[in-house]
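Okay, so here's the structure we're looking at.
No lab work stands behind these numbers, since they all come straight from the coordinates. Predicted, not measured: the structure shown is a model, and the values here were computed from it. Cβ coordinates were reconstructed from backbone atoms using ideal geometry, including for glycine residues, and neighbour counts include every protein chain displayed.
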Amino acid sequence: MGSVPAWARAYVAGVVLLALACLAPLPHLRVPWEIVGLLAVLYAGCERVTLPLRPHGAGAPGGDTTQGMGALLPVLLAGAFLLPAPAAALVALPGALLARVEQRPRGPRRIWRAAQLAVAVWAASRVYGALGGRDALVAPDFPYALVPAGAAVLTFSAALTVLDGGILALAERAPVRGAWHGLFARSLAPAAVHGLAGLMMAVLWRSPYGPVAALLVLLPMYVSCWVFAQYHRERAAHQATIRALVQAVDIKDGYTRGHSERVGRASVLIARELGMHDERVEVLRFAGILHDVGKLGVPTRLLRKDGPLTPEERRVIELHPEYGHEMVRGIGFLGEARSAILHHHERLDGSGYPYGLAGPQIPEFARVVAVADAFDAMTSTRSYRRARPVRAALEELGRCSGTQFDPRMVAALVRALDRHGWHPAVTADTAPAVAPGMAAYPSDTLGRSAP
């Protein structure tokens, strides 16, 4: 767990202790162990056949737990409706501890998810019982039975939101005002739908038809999970295509190897500081990664030229945003990223290219990528100049703010780097001194008359 910050480790340890406290009363309760066992086995089986856990970021042990859970939520919520709170919390543990995890450290991620789900299910079960849900279930007392069930679903989603936001703020150092942004809305929608399925499972379980009829409720959930898995595979295929394009650019322009990934990272830092929704942040990351894909249409000799470019050569290179836009036009999920690829060399004063847009005419994503692109270009060593220190690069961005760059985006990058820092890498195969006649930044687009 060494890659996880100390405060995040302490936070995870605290949630684990809270989960253990939720389970502590088990030895003193009369627990229907056959229900606990069946639900736990069912949940563990679901975990093994659904998508691996994909956390928000590489540093966090978890994140947005309801995403991709498919048929799992009805099982957990049925446990909250059928069992005492400590027993309901126990249902989640075996499956969460055995879940497939894509990113390291896998052990801490499993432990985090197990503790998080145990606390959320325990809280939901407590609220459900306090509102008389179990008596309404046995009666049955409809429609009142929907009230405690709805309250339990809200509690479950709220608990996940609080815990997820905390780990995002501590492990990924997301802004406190944005760490919880959108989490509750994203968790509530699937929890509400699957909460009804869980309630149906609980009602059928208590009916003369028994557990077998209750399990039939899961069939439509598995269908929806399969549909989600198909979408996930399609998206993974698109991402593989994006990686291949970026690798092709890196191979062709060896002096800027790794530049695209770093621009994507810097774009995400700016977007999160601006409070963008996660869906837009992801698309903006793609925009940053693909902003230079049009270089595939530029002659290699121009990209690798050490000396100043002639006006004709410069005009050829300035076609690369249009080449890039044409290349990605058919990738539907890129959305706003396509406009960023086309316009990331526009300037606020209207003197940029390819269309000379000015001010608010320039798409927001393009203004973000322009700042991220310029920042990484300045802080990376190229064939024609050495890297600048981060502080000097930020000062240069500030000097060009309002004419070349959007001041709002520059300020957001400054705040993000104050919080997260930056670790630029040498991207050229060699690091020669600045050649005579090489102009300094502003902008790699004009410093050597090249992008």
How would you order 335-346, 72-83, 292-303 from highest to lowest mean count of nearby Cβ atoms within 10 Å?
72-83, 335-346, 292-303
Using 16 Å as the cut-off for backbone N distance, which residues of the stretch 80-117 belong to the label zone defined by a point 7 Å from the Cα of Val162 along Cα→Cβ?
115-117
Taking the Cα of His28, stepping 7 Å toward and past its beta carbon, and measuring to each backbone N in the stretch 114-135: which are under 20 Å?
119, 122-123, 125-127, 129-130
Length gain on complete extension for the stretch Glu312 to Ala6, per 0.36 nm per residue less the alpha carbon to alpha carbon distance?
104.7 nm
So for each of 307-318, 409-420, 361-372 I average, over its residues, the number of other beta carbons within 10 Å; can you give me the resulting order with the highest mean first?
361-372, 409-420, 307-318
Simple label model, 7 Å out from Cα along Cβ direction - Glu282 to Gln361, nm:
3.4
Can you give the FRET efficiency to the nearest 0.05 for Leu146 and Arg235, using r as the Cβ-Cβ distance and R₀ = 41 Å?
0.70
Report the full-extension gain for the segment Leu216 to Lys252: residue separation times 0.36 nm, less the Cα-Cα distance, to one decimal in nm.
7.4 nm
Suppose each label sits 7 Å from its Cα in the direction of the beta carbon; what would the Val223-Asp135 distance come out to in nanometres?
3.8
Where a ≥ b ≥ c are the square roots of the eigenvalues of the C-alpha gyration tensor, would you call the stretch 280-428 rounded, which needs a/c under 1.5, or, failing that, prolate if a/b is larger than b/c, or oblate?
rounded
Using the basic label-point model (7 angstrom from Cα toward the beta carbon), what is the Leu20 to Arg304 distance in nanometres?
6.0
